[in-house]
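> After the structure tokens below, expect a handful of questions from me.
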Amino acid sequence: MSIEVEELTEHTRSRPGALRRFLRNPLGIVSSVALLLIIVMSIAAPWLAPLDPTAPALDQINSGPNPTYALGGDSAGRDVLSRLIWGGRSTLYGAAIVIVVTAIVGIVTGLLAAYLGRFTDIALSWISDALLAIPSIIVLIALYAAIGPYVTVSMVVFGLLISPFLYRLVRTMAIEVKNEPFVEAAQVAGLGTVRIVFRHVLAVIRGPIIVMLADIAATGIGIQASLEFLGLGSVNSVTWGGMVQDAFNAIYRAPLNVVWPGLILTVTIASIALIGNAVRDALVPGHGPSRTAKKAQSRLSTPATAQTALGTSVSATSNAGEALVSLRNLQIGYPTFEGAMSIVVSDVSLDVLPGEVLGLVGESGSGKSQTILSILGLLPAQAQIVAGSMSFSGSTIDVRQHEQLRGRSIAYVPQEPMNNLDPLYPVGEQLARPLRKVTGLSRADARRRALELLERVGIRDPETVYRLYPHQISGGMAQRVLIAGAISSEPQLLIADEPTTALDVTVQAEILELLRDLQRERSMAILIVTHNFGVVADICDRVAVMKGGRIVEAGGVDDIFTRPQHEYTRLLLGSTLENAETRTYIEGVQA
Amino acid sequence: MSTEHNGTTETSAYILRARNVSVDYPSRRAFSPPKRVLSDVSLDIRPGETVGLVGESGSGKSTLGRAILGLAPVAEGSIEFGGRDISNASARERRRIARDLQVVFQDPYGSLNPAMRIRDIILEPVLSAGGDRGEAQAALKDLLDRVQLPGDTLQRYPSEFSGGQRQRIAIARALIMKPKLIVCDEVVSALDLSTQARILELLIEIQRDTGVAYLFTSHDLGVIRAISHRVTVLFRGSVVESGDVTRVTEAPAEDYTRQLLMASPVPDPARQRVRRAEYQRAFPG
Amino acid sequence: MVLYLLKRLASAIVLLVLVTTATFAVMYSSSENVVRSLVGENATPEQLAQRTSELGLDRPLWEQFASWAGKAVTGDFGISYFTSEPVVVAVTNRLPATLSLVITSMIVLSIVSAVLGTLAAIRTGGALDRTLQVVTELFSSVPKFWLALILVIAFALTVPIFPATGFVPLGEDPLGWAVAIFLPVMAIVLGELRVTSMVRGAVSDELSKDYVRTLRARGLKNSEILFRNVLRNAAPPWLTLMSMKFVALLGGTLVIEKVFALPGLGSLATNAALSGDVPVLLGVVVATVLIIVVVYLVFDLVQSWLNPKVRLQ
């Protein structure tokens, strides 16, 4: 069971807990310390401040730093340093209120919208949109006119006005998570909604919530300071924003006084924001719905790091004539974080002869997709061709050659048809435009050709389909459109990456039939990637089997099926279930 | 629609009886009538049996499983489980049912909460069904052995495992309450060929050892044939044909079943040539 | 699509009505405070009562609102308690300064974020990308009004390139206008640069989509695909973001006006709040919401035109 063991060696490291991850983050540590100091400073103000922050002194009006006043005096001759120390209380208090109010309102309403059905959702979302259209500063100014400078009320109102941001986040993510299979499994297990919300939903979305709360707190501090700067802040207590206002009035005489309160405001705001990010990063195993994992690959694909004990690479070259495409000892790698190179394709040599169909078979992580993308020159930017060479019709392919060949002599049919059409343009237009840009046809000619192609690939009503958008056609039809696009340039080589995997089986048969017809008609070579041996048997002349970035076996299609040489090929053939025995039910035998 | 053998049986020993089940999904546009995704489907499952449900996209095969699990509302018809009607059961009733009815889903990445450790994931059904946590904890090691996962799995997170391993974890979670029926919804469709075969073997072995029954959904007739005792074929929400697996897959009574069988290519060039010719004769254009 | 826009218009009107009603209720709920700030602390009860009935503040609240609203829809928002100037005149006098700032900031921010964000996305991890991340994070933590002050100290006081205060109407002297609003716009835009990283995210997400690769496989050039496909797809989230940012920009403008002594809605509102000039304050609130509603509708129009799924319904 060597392959089973291989699966596990990739995942032997266990992850450290969240707290330890947080402590390893330098920005997180620094900002936590900074915020902690500010909090301690504010609490210990009575003991820390050298002087009375409200005591004026005529001889210190707008003075610069001096022995008595470490940072100088403000426009009433009060000690700037002491005022800075005392000013934190108001700011931190306001921030705390905003966090509490927004958290409660935002999270509760978001969850309600996600769980209580369409009407609640529509009503709450409408209210949320309405609130977002109101600039909070003008409301807070109006509030001041009505009730005067009450920080608590102001920050509660601000919290309410800003909570729609959190509402939208919670609502969107809760709806997403609600539909994840692991939540449905919990429902099936009989878990009540409340328990599901706490145990699953909140656990998964807590990261983004924390980041947003940190951002909102930071914004709240800014707004509060703005109000104070406008002169609408508290008159009794010392506030940093008020200090800026004071300094502003005397800006020509003592510009330095503007700097200190703004600086400490900036540090406070920045630390809160950075702490939020660091907490989110530390919570990573639960960093959100697995959509990102799904986006990466539909099947698990791990780079082949270990040297597998599968023997040296076999080459799938051919001496039966001049090859159309030749790969020799190709090696493709991706740089890792630690600076090493992770090799995904290793020592691959193959030929595709003109007019032949070569199948590239393998499971996920075998490197088959990487190999064909390299022929097209469509590997991701980080990929590097570490070794080896490619040639087409005898001449070596370099970067510029890729651009000459793509869409002209070499064409591509992808796997998931719906993801490969731009949702914003009609399908006919997407088919026709490259004909104008690449082949140089006129608009009318391109359209005519596109209609012909649509008809050729079996679309019954080309005129109508031409105008349709991708969301209006089926997967099978979309794949036909993509095939039409691929053959439009009369390519010599068609590279197809699992072209039928995402389709229903009856549609698969039709598409395979289409590909076979086109191949015969145009004597086109096809390099087809697949994991399905039935497809191989149906359409291929030669086969190369890949595992772990290498070709482990290659040969004619009949040979591969009747006389497989390599144990991996035999394993794959044995897994096809083709000759599995059917089961018989014997009543009463089971427990 | 074939009348010879519908999905129902005469024996009194059955654990699930779905009768004339219809399911509607609300239309996306407001004020439009709902869409009927399952019409008048009947199906029985006997103890220790695997009933395969096969169909293409839009056939409603997953919907029937979801209706049984309480994830989709039953518009018409009834579903009896263990003698009781469970269609549109309440949450409290679901908790009781959960001891005997579990699920394994298709998507290995979405089936496990990424923020939870494996131990907590597997023990979750115990939590809600009010089972004995201590007893379940003790059984964990055996359960891991049964699904062929190493012992140190329990304290890890899902992100550390491959697709096949995650499905094994999901199977362990489904087994912990020793259920009578597990709904397997396309459980091998997202896995590699060799992993598929191994997971199917595992499921068959578990069935032999514990006597659990499966409702096994798939679009792949080959997979269905390998694991099912009886098969029901669905097309656009209605039953096309059902019966014993050998009979349906070797001598199908309906054209659509025949089409499904013949459309999927055989991994044997010579036989595939023959089948292709037959397919084109039978289903031109 | 027409139906969709009509729905949005109806929403906008309802919003306007609700905000106005709420503000009115809050402001006039305590008529005594209002009158007291007019007649002063030492007024006798008789003077208080007389002023109250003069202003019509002794009527029930709903009656006051109905009367105000009735006149408001005809364009009569009453007169200032202090200057006796019609509110409409006071507000419209202040519009040029505020609108100059907001609209210019909006345009500058849109262009800067779109260009820099796209460039950063094309070469993720590159020098521009990393510099941008650091710079935007830095500026986003700085309170806007303080940033404005620092800019004033640096570029108007220490090195007198720009004026520290004052507004020049566009009609009078375009160049002078541009110079006058340069620093304020800088202060506002620098503080909102975070938008750039969102653009970068949206564009880079789009670039990694399958259809981009397929278009390249058809032989289309990268620049072609970028402008015609990628940016067009990334535009909706960017537009949504910018329309929300407008509210933030407007808020920022109102505060920054004080720093540069610009005669805009912000200073009008602040003074009105400090002096208790309720009709004026109410007028500013209505004006603000109106501006936002109009801008939202414009963005909505563009969004729904760009999206075929909405356009076709």
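Derivation of every value follows stated rules applied to the coordinates shown; laboratory data play no part. Just so it is clear, the model here is predicted, and its values are computed rather than measured. Positions of Cβ are generated from backbone atoms using ideal geometry, with glycine treated the same way; all protein chains shown enter the neighbour counts.
> Can you sort A:368, A:437, A:547 from fewest to most other Cβ atoms within 10 Å of each residue's own Cβ?
Final ranking by Cβ density, sparse to dense: A:437, A:547, A:368.
> On to the next question. At what distance in angstrom do the alpha carbon centres of the range C:150-229 and the range A:147-179 lie from each other?
First find each Cα centre; the distance between them is then 29 Å.
> What number in nm² do you get for the protein assembly as shown if you take the convex hull of its Cα atoms and divide its surface by four?
Mean shadow area of the hull around the Cα atoms is 53.4 nm².
> Please determine, in degrees from 0 to 90 and to the nearest 10, the orientation of helix A:202-230 with respect to the longest principal axis defined by the Cα atoms of chain A, where the helix direction is its Cα long axis.
40
> Which percent of Cα-Cα pairs in the range C:2-76 sits in each 5 Å bin, short to long?
3, 13, 19, 18, 15, 11, 8, 5, 4, 3, 1, 1
> Among DSSP beta bridges whose residues both lie in the protein assembly as shown, state the antiparallel percentage, nearest 5.
Among the beta bridges of the protein assembly as shown, antiparallel pairing accounts for roughly 55 percent.
> So if each residue of separation counts as 0.36 nm, and I subtract the Cα-Cα distance between residue C:154 and residue C:261, what length gain in nm does that give?
Once the chain is fully extended between residue C:154 and residue C:261, it gains 36.8 nm.
> Would you grab the residues whose amide H sits under 5 Å from the one on residue A:547? Only those 5+ places off in sequence or on another chain, please, with H modelled 1.01 Å from N.
Answer set, sorted by chain and number: A:552.
> Identify, among A:512, A:554, A:580, the residue whose Cα sits farthest towards the positive end of the charge dipole of the range A:501-591, taking +1 on the Cβ of Lys and Arg and -1 on the Cβ of Asp and Glu, with the dipole about the Cα centre.
Going by the Cα projections, it comes out as A:554.
> What 222 nm value per residue comes from the helices of chain C, counting each DSSP H run with n ≥ 4 as -39,500 (n - 2.57) and dividing by all residues, nearest 500 deg cm²/dmol?
Rounded to the nearest 500, the figure is -25000 deg cm²/dmol.
> Let me ask you something else. Would you compute, from DSSP H runs of 4+ residues alone, the mean residue ellipticity of chain A at 222 nm, taking -39500 (n - 2.57) per run and dividing by the full residue count, rounded to the nearest 500?
Using -39500 (n - 2.57) per qualifying helix, the result is -16500 deg cm²/dmol.
> Does anyone have the angle between helix C:194-207 and the longest principal axis of chain C? Alpha-carbon axes, 0 to 90°, nearest 10?
40
> With θ set to phi - 60°, apply the Karplus curve 6.51 cos²θ - 1.76 cosθ + 1.60 along the range C:77-83 and write out the HN-Hα couplings as whole Hz, x wherever there is a Gly or Pro.
Computed from phi, the couplings for the range C:77-83 are 9, x, 10, 5, 5, 9, 9 Hz.
> Are there trypsin sites (Lys or Arg not before Pro) in the range C:151-251 that DSSP marks as loop and that have at most 13 other Cβ atoms within 10 Å, and which are they?
C:221
> What is chain B's relative contact order, in percent, from Cα pairs under 8 angstrom and six or more apart in sequence?
Relative contact order here is 25 percent.
> Pop out the ³J(HN,Hα) list for the range C:209-225 in order, Karplus 6.51 cos²θ - 1.76 cosθ + 1.60 with θ = phi - 60°, rounded to Hz; leave Gly and Pro as x.
Once θ is set to phi - 60°, the couplings for the range C:209-225 become 6, 4, 5, 5, 5, 5, 5, 5, 5, 7, x, 6, 7, 4, 5, 3, 5 Hz.
> Where both partners of a DSSP beta bridge lie in chain A, what percent of those bridges are antiparallel, to the nearest 5? Could you put the intermediate results ahead of the total?
Values: 24 of 45 bridges.
Around 55 percent of the beta bridges assigned by DSSP in chain A are antiparallel ones.
> Kindly provide the helix-only [θ] at 222 nm of chain B, computed as the sum of -39,500 (n - 2.57) over DSSP H runs of four or more divided by all residues, to the nearest 500 deg cm²/dmol?
One gets -11500 deg cm²/dmol as the mean residue ellipticity at 222 nm.
> For Cα pairs less than 8 Å apart in space and 6+ apart in sequence, what is the mean separation divided by the residue count of chain C, i.e. the relative contact order in percent?
This gives 27 percent for chain C.
> Let me ask something else about it. Could you grab the relative contact order for chain A? Cα pairs under 8 Å, six or more apart, rounded to a whole percent.
This gives 12 percent for chain A.
> Expressed as an acute angle from 0 to 90° and rounded to the nearest 10, what is the orientation of the C-alpha long axis of helix A:240-249 relative to the principal long axis of chain A?
It works out to around 70 degrees.
> Treat every Asp and Glu Cβ in the range A:42-283 as -1 and every Lys and Arg Cβ as +1, leave all other atoms uncharged, and give the resulting dipole magnitude about the Cα centre to the nearest 20 debye.
Roughly 460 debye for the range A:42-283.
> Mind checking the dipole of the protein assembly as shown: about its Cα centre, +1 per Lys or Arg Cβ, -1 per Asp or Glu Cβ, Debye to the nearest 20?
That gives the protein assembly as shown a dipole magnitude of about 340 debye.
> While we're here: Could you calculate the FRET efficiency of residue A:580 with residue A:179 from 1/(1 + (r/R0)^6), where r is the beta carbon distance between them and R0 is 45 Å, rounded to 0.05?
Values: r = 34 Å, r/R0 = 0.76.
Here the calculated transfer efficiency is 0.85.
> Here is a further query. What pairs in C:209/C:309; A:547/C:209; C:7/C:209; A:178/C:245; C:144/C:258; A:368/C:209 have C-alpha atoms more than 23 Å from each other?
A:547/C:209; C:7/C:209; A:178/C:245
> Cross-link candidates for residue B:178: which lysines have Cα within less than 23 Å, leaving aside residues fewer than 8 places away along the same chain?
Cross-link targets: B:141.
> At 7 Å along Cα-to-Cβ for each site, give me the label-to-label distance between residue B:205 and residue B:155 in nm.
Result for the modelled spin labels: 2.7 nm.
> Another question about this same structure. Dividing the Cα convex hull volume of chain B by residue count, how many Å³ per residue is that?
Each residue corresponds to 156 Å³ of Cα convex hull volume.
> With 20 Å bins from zero, work out the P(r) of chain A over every alpha carbon pair and list the percent per bin.
15, 33, 30, 18, 4, 0
> So, one more: For the range A:42-283, what number results from the quotient of the Cα radius of gyration and 2.2 N^0.38 Å?
Cα-based Rg divided by the globular estimate yields 1.25.
> At a 10 Å Cβ-Cβ cut-off, how would you order A:213, A:161, fewest neighbours first?
Values: A:213 23, A:161 20.
Going from least to most buried by this count: A:161, A:213.
> Could you list A:557, A:344, A:201 in order of exposure, starting from the residue whose Cβ has the fewest other Cβ atoms within 10 Å? Write out the running numbers ahead of the final one.
Details: A:557 21, A:344 24, A:201 27.
Going from least to most buried by this count: A:557, A:344, A:201.
> Can you run phi through the Karplus equation (6.51, -1.76, 1.60; θ = phi - 60°) for the range B:138-143 and list ³J(HN,Hα) in whole Hz, with x for Gly and Pro?
Rounded to whole hertz, the list is 5, 7, 4, 4, 5, 4.
> So between residue A:570 and residue A:152, what do we pick up on full extension, going 0.36 nm a residue minus the alpha carbon distance?
Gain in length upon complete extension: 143.1 nm.
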